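Every number in this text was worked out from the coordinates using simple rules, so none of it is lab data. Note that the structure is predicted; figures quoted are calculated from it, not measured. So basically every Cβ, Gly included, is an ideal-geometry build from the backbone, and we count neighbours across all protein chains shown.
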Amino acid sequence: MNESSPEHALRMHPFTADLNDEQLSELARLARVAVYEPNEYLLREGDPATAFYLIVSGLVSIEVFVPGHGARPLQTVEGGSAVGWSWILAPSRWEFDARALERTTALVLDGERLRQLFVRDCCLGLRLVQRLLFIVAERLKAARLQLLDLYGPPRELP
């Protein structure tokens, strides 16, 4: 196993590092290592959500398009994080853009095959969905803090 193999990347990534060898091998079969150059998109809002991205190294901006204002960053994530959970639920379309800010290496897991794996191995599926929900909750907290920063504390109603 070389350092650029999906199995090695899974073994080293915080999202999957504590999984057993059999689980890592299962996930490695649905994964590929991809490199994104600065300003290259990993995913685009509205496109079919077909993959789950574990960021190995680099920096990725999660953005939303605001009519009349263009792309607005919501959050920046770095190596050790994950991007994209829209693949898990129908209609499986990306809700945001994700763009590399610097050369970024990601482990790209096939969403359809990952959903099938979750059905076959419910224990692994539950462990990974719990981790996904933790990321979703963290992103919602970050969005809340951005809104508070943007609009200030709530005012009392008259």
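Among the trypsin sites (Lys or Arg not before Pro) in region 50-120, those located in a DSSP loop and surrounded by at most 14 other Cβ atoms within 10 Å of their own Cβ are ARG103. Taking 0.36 nm per residue of separation and subtracting the current Cα-Cα distance, fully stretching the chain between ALA71 and LEU101 would add 9.5 nm. Applying the criteria of a DSSP loop state and at most 15 other Cβ atoms within 10 Å to the GluC sites (Glu not before Pro) of region 28-75 yields GLU40. Considering only ALA34, PHE134, ILE62, and ranking their Cα positions along the charge dipole of the chain that arises from unit charges at the beta-carbon of Lys, Arg, Asp and Glu, the one farthest toward the positive end is PHE134.
Run the numbers for ARG115 and LEU147: contour at 0.36 nm per residue of separation, minus the present Cα-Cα distance, in nm. Each step should come with its number before you reach the end.
Details: separation 32, 0.36 × 32 = 11.52 nm, distance 3.31 nm.
8.2 nm is the gain from fully extending ARG115 to LEU147.
For region 6-151, the dipole from Cβ point charges (+1 on Lys and Arg, -1 on Asp and Glu) about the Cα centre works out to 260 debye, to the nearest 20. Fewest-first ordering of LEU27, LEU19, LEU145 by other beta carbons within 10 Å of each residue's beta carbon gives LEU145, LEU19, LEU27. Between the helical axis of 111-120 and the dominant principal axis of the chain, each derived from Cα atoms, what acute angle in degrees is found, rounded to the nearest 10? It is inclined by approximately 60 degrees. At R0 = 22 Å, how high is the FRET efficiency between TYR41 and GLU78 if r is their beta carbon distance? Nearest 0.05 is fine. With a Förster radius of 22 Å, E is 0.80.
For region 6-151, what is the relative contact order in percent, using Cα pairs closer than 8 Å and at least 6 residues apart in sequence?
29
For region 1-75, averaging the sequence separation of C-alpha pairs within contact (under 8 Å, six or more residues apart) and dividing by the residue count gives a relative contact order of 20 percent.
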